[in-house]
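Only one structure is covered here, and it is reproduced in the block below.
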Amino acid sequence: MTKHPPFAVLIIALALLVAALAFASMITGPQGAGAFDLIGLLGADPDTAWLIMREVRLPRTALAVLEGATLGLAGATLQGFLRNPLADPGVIGVSSSASLFAVIVFYAGLGQYLGGLALPLAAIAGAMLCVLVLKMLAGRGGVLTLILAGVAISSISGAIMQLALNLSPNPFATQEILFWLMGSVTDRSLDHVWLATPFMLAGWALLATTAPSLDVMSLGEEAAASLGVNIPRTTTLIALGVALSVGAGAAVTGGIGFVGLVVPHLLRPLVGHKPSRLLPASALAGAALLTAADIFIRLVAIGPELKLGVVTALIGAPFFLWLVFKARAELEA
């Protein structure tokens, strides 16, 4: 029997790690002649230092923590709900729908008419519309119906985004769309943080209520239903929770993938493979992973700053392949 640390110890350790990385994020980054903030701010004017911390470092750090926690929590929830360790928040089409509405804002140039919050508001609207369409398509069906509906929405959204990029008459708008789709927490303001946070917290609360049901559903959908789990209600709560949290995150950070895949898989053995315990652990670990990745971007000076979604993809894609080879080896054994 594999030994794992006590759950409380694991949560405390992850919380301390997130706090340490958030502190490091607040004091790390190029400033002036390229010195780290911790060094540069010591000799800087107090007003300048305060502005850098509040207007640049704080929104970036807050969004990295919030988005990482959202992706980790959503990934753990979906993997427990679908009983598939390869499930990802994008599986029900929320991320692609949010991205599609953001691309429409770019393509139509609505930002100049609606202000800087046009992009986040449009992406959140796309996520919410995805939930309504999922509810209509899936009805009272179970897990398989939800997956099929999500795949359909993702495919349609992806096709429309490609069409918009293909027909865009403005090369600068096309470049802006591509950069946004790569995912980043750079150049965000506190307005973005305040806009996304309520939706994220609401999504977290909905996903947290499904934890007991996820433990029972690990026995199988039919067994869970026979034990009193309301499958349609759980499906609705998870779809809505993922839409609110992941949609709000995608609205302000763009496309960031693989966090929801990697984090739950790594932590599952440490929580005794219990879905309800995996949720808070994955949220904290997701926040730590994305914050660490953002710090890494600032420490590596290779010309233009790397996009956060590119870094997570470079981490997650090899990990995904490793999971595939591992699963094949277990089947052949």
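Among 288, 248, which is the only one that is in a helix (DSSP H, G or I) and either farther than 22 Å from residue 93 by Cα or of a type in the set (Phe, Trp, Tyr) (or both)? Full working, then the answer.
Details: 248 fails: either farther than 22 Å from residue 93 by Cα or of a type in the set (Phe, Trp, Tyr) (or both).
Only one candidate passes the filter, namely 288.
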Discussion item. Among the residues in region 50-67, are any modelled with pLDDT under 95 and either within 19 Å of residue 217 (Cα to Cα) or not in a helix (DSSP H, G or I) (or both)?
Written reply: no
Out of (1) among the aliphatic types (A, V, I, L, M); (2) closer than 27 Å to residue 254 by Cα; (3) open to solvent by less than 50 Å² (accessible area, probe 1.4 Å); (4) at pLDDT 85 or above, the one residue 10 does not meet is (2)
In region 144-188, anything modelled with pLDDT of 80 or more, assigned to a loop (DSSP other than H, G, I, E, B) and in contact with a helix residue (DSSP H, G or I) (Cβ under 6 Å, 6 or more places away or on another chain) is listed as 183, 184, 185, 188
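Output the residues belonging to region 193-228 that are of a type in the set (Ser, Thr, Tyr), in contact with a helix residue (DSSP H, G or I) (Cβ under 8 Å, 6 or more places away or on another chain) and over 12 Å from residue 249 (Cα atoms). Reasoning before the result, please.
Of region 193-228, the ones of a type in the set (Ser, Thr, Tyr) are 197, 209-210, 213, 218, 226.
From what is left, the residues that are in contact with a helix residue (DSSP H, G or I) (Cβ under 8 Å, 6 or more places away or on another chain) are 197, 209-210, 213, 218.
If the condition is that a residue be of a type in the set (Ser, Thr, Tyr), in contact with a helix residue (DSSP H, G or I) (Cβ under 8 Å, 6 or more places away or on another chain) and over 12 Å from residue 249 (Cα atoms), then 209, 210, 213, 218 are the ones that fit.
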Among residues of region 272-310 being under 22 Å from residue 181 (Cβ atoms) and open to solvent by 60 Å² or more (accessible area, probe 1.4 Å), the residue modelled with the lowest pLDDT is 303
request  = Could you check, for region 63-83, whether at least one of its residues is of a type in the set (Asp, Glu) and open to solvent by 20 Å² or more (accessible area, probe 1.4 Å)?
outcome  = no
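Taking the condition farther than 23 Å from residue 179 by Cα, surrounded by fewer than 22 Cβ atoms within 10 Å (Cβ to Cβ) and at pLDDT below 90, does residue 240 pass?
On the way: farther than 23 Å from residue 179 by Cα: yes; surrounded by fewer than 22 Cβ atoms within 10 Å (Cβ to Cβ): yes; at pLDDT below 90: yes.
Spelling it out, residue 240 is indeed farther than 23 Å from residue 179 by Cα, surrounded by fewer than 22 Cβ atoms within 10 Å (Cβ to Cβ) and at pLDDT below 90.
The values are calculated or read from the model by the stated rules, or taken from the named source; none is laboratory data. Because the structure is a prediction, the values reported are computed rather than measured. Note that we place each Cβ from the backbone using ideal geometry, even for glycine, and neighbour counts take in every protein chain shown. For accessibility, only protein heavy atoms count, side chains too; no ligands or nucleic acids. Shrake-Rupley method; radii C 1.70, N 1.55, O 1.52, S 1.80 Å.
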